[in-house]
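Read the figures in this text as sums done on the coordinates, not as results from a lab. Note that the structure is a prediction, hence the values are computed from the model and not measured. Using ideal geometry, Cβ is built from the backbone for each residue, glycine included, and neighbour counts are taken over all protein chains shown.
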Amino acid sequence: MDQLLQQIVNGIFLGSIYALIALGYTMIYGVLRFINFAHGDVFMIGAFVGFYAAPYILNTIGGATIIACMIVMILAMLICSLLGVTIEKIAYRPLRARPKLTVLITAIGV
């Protein structure tokens, strides 16, 4: 019974991650009218930033506290937002007036 409950919690957690990624794709396409295939890559970079920053922050603060988790999440969000702004300014903004196929090829290449 405990394993079933744990798998239900895992499924809800994984489903919420998928929902956040899908919501990001929908918002980007709805506002800018092009698909950003780098969205998943930026999400993955945030996960790795959190994965590698968590032990350092936990050792610095001492123990697993909610403050350490919040610091790690804020750090991952900052890194991801800086990466997203950089991708937009370098790859997408110069191509706004170009045909849709050019933007699509750039989105695949990013």
TODO: Would you mind computing, in nm to one decimal, how far apart the modelled labels at Leu5 and Leu82 are, each placed 7 Å from Cα along Cα→Cβ?
DONE: 4.2
TODO: Using 0.36 nm per residue of separation minus the Cα-Cα distance, give me the extension gain between Leu32 and Tyr18 in nm, one decimal.
DONE: 2.9 nm
Open item on the list: Show me the helices of the chain, taken as full DSSP H stretches, that run 15 Å or more along their long axis by Cα and average 1.0 or above in Kyte-Doolittle hydropathy.
Closed with: 2-32, 39-61, 66-87
- [ ] Name the shape class, rounded, prolate or oblate, that the alpha-carbon gyration tensor gives for segment 25-103, where a ≥ b ≥ c are the square roots of its eigenvalues, rounded holds for a/c under 1.5, and otherwise prolate holds if a/b is larger than b/c and oblate otherwise.
- [x] prolate
